[in-house]
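Only the coordinates and a few stated rules stand behind these numbers; no lab work does. Remember, predicted model here, so these are calculated numbers, not experimental data. Every residue, glycine among them, receives a Cβ derived from its backbone with ideal geometry; neighbour counts consider all protein chains shown.
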Amino acid sequence: MSEAARSLLQRWGASFRKGTDFDSWGQLVEAIDEYQILARHLQKEAQSQPNNSEFTEDQKKTLAKIATCLELRSAALQSTQSQEEFKLEDLKKLEPILKNIFTYNKEFPFDVQPVPPRKILAPGEEEDLEFEEDEEEGGAGAGSPDTFSARVPGANEGTLLPRLPSEPGMTLLTIKIEKIGLKDAGQCIDPYITVSVKDLNGVDLTPVQDTPVASRKEDTYIHFSVDIEIQRHIEKLTKGAAIFFEFKHYKPKKRFTSTKCFAFMEMDEIKPGPIVIELYKKPTDFKRKKLQLLTKKPLYLHLHQTLHKE
């Protein structure tokens, strides 16, 4: 195996694991994003000319079938049907095949066909398609099948929950999401924010809530003016917990909703009144280990906190 092929397999394997991890954790938007990026890379390799590829024609057919399965799983995650046409457990069976593509000689475990040859990227886009796709890419989803048109359920209406009943001596928190500052605020389609409360290991401590789509855009701000009722008394949150805010928007060229950036608030920041918090680059790092600011510009998420205590 050449060094170039080994490097490709390592990158593909890392992306595959990242996607299935997101899928396992219930981060469906991120999983779909990762699956579709990897599917395009595999399809591109499968459609390459023999003199430009490290793989045999049989191996390229297998890569194309894996790409098909990734797209099937993406479609299943976006389906409003209760049954999943292609399950996570099925997809995980393909990781060893991808890892050992040069020695794999068994029958493919699923009855799928490679996607017919088609244009994966528009001219000039190959230079822009990094493995960790940048948020600013143009039209990288030109090859996405028409079945990927569904948006995340509940995005337009939101999935906000009412305030919990009060308990003596216990504190409830209402967070008003006022606005978010972004340099390309006017270009964001159907923007909304997903709010979750996670422990140090990234495990949900409360139900996840989505805001309705933003009420208006103005200059470099997207305005929400919506209240989020945190679904656990503050005293019952574990040490090191944090409240996360993931800003999401619809990408018509890729035909699904993507996370653009995120912010979080730690327990020592819970206090009445306004608070402004920094924005970080995706993917959302719930464990807060490798944080990268979205921009050097002074753009923030603007919140207002209200504490309720009997």
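For segment 26-95, calculate the relative contact order in percent as a whole number, restricting contacts to Cα pairs under 8 Å that are 6 or more residues apart.
On the way: 53 pairs, mean separation 22.6, N = 70.
With pairs under 8 Å counted, the relative contact order is 32 percent.
Placing +1 on the Cβ of each Lys and Arg and -1 on the Cβ of each Asp and Glu in segment 1-107, which of T103, C69, L28 has its Cα farthest towards the positive end of the resulting dipole?
T103
Could you pull out every one of the lysines with an alpha carbon less than 19 Å from that of K289, ignoring same-chain neighbours closer than 8 positions?
Within the straight-line cut-off, K289 pairs with K18, K198, K239, K260, K281.
Which whole-Hz couplings ³J(HN,Hα) result when phi for each residue of segment 190-202 is put into the Karplus expression 6.51 cos²θ - 1.76 cosθ + 1.60, θ = phi - 60°, listed in order with x for Gly and Pro?
Whole-Hz 3J(HN,Hα) from phi for segment 190-202: 6, x, 8, 10, 9, 10, 9, 10, 10, 8, 4, 8, x.
Just the Kirkwood number for segment 190-306, please: inverse of mean 1/r across all distinct Cα pairs, in Å, one decimal.
Values: mean 1/r = 0.0666 Å⁻¹.
Answer for segment 190-306: a Kirkwood hydrodynamic radius of 15.0 Å.
Would you mind giving the average projected area, over all directions, of the Cα convex hull of segment 5-108 in nm² with one decimal?
Working: hull surface 25.2 nm².
So the Cα hull casts an average projection of 6.3 nm².
How far apart, in nm, are two points set 7 Å out from the Cα along the Cα-to-Cβ line at Y104 and at K289?
Distance between label points: 2.7 nm.
Given points 7 Å out from each Cα along the Cα-Cβ axis, report the K87 to N52 separation in nanometres with one decimal.
So the two model labels end up 4.0 nm from each other.
Through the Karplus equation 6.51 cos²θ - 1.76 cosθ + 1.60, θ set to phi - 60°, convert the phi angles of segment 2-16 into ³J(HN,Hα) values in whole Hz; use x for Gly and Pro.
6, 5, 5, 5, 4, 5, 4, 5, 5, 5, 4, x, 5, 5, 4
Size of the dipole of segment 160-285 about the Cα centre, Lys and Arg at +1 and Asp and Glu at -1 on the beta carbon, nothing else charged, in debye to 20? Show your work: numbers first, answer last.
On the way: 19 positive and 18 negative charges, 128 e Å.
Its charge dipole is roughly 620 debye.
Give me a comma-separated list of calculated 3J(HN,Hα) values for segment 51-61, in order, Karplus coefficients 6.51, -1.76, 1.60 applied at θ = phi - 60°, integers in Hz, x for any Gly or Pro.
Per-residue couplings from phi come out as 7, 10, 10, 8, 10, 6, 5, 5, 5, 5, 5 Hz.
Once the Cβ-Cβ distance between S2 and D268 is put in as r, and R0 is 51 Å, what FRET efficiency do you end up with, to the nearest 0.05?
Details: r = 52 Å, r/R0 = 1.01.
About 0.50, to the nearest 0.05.
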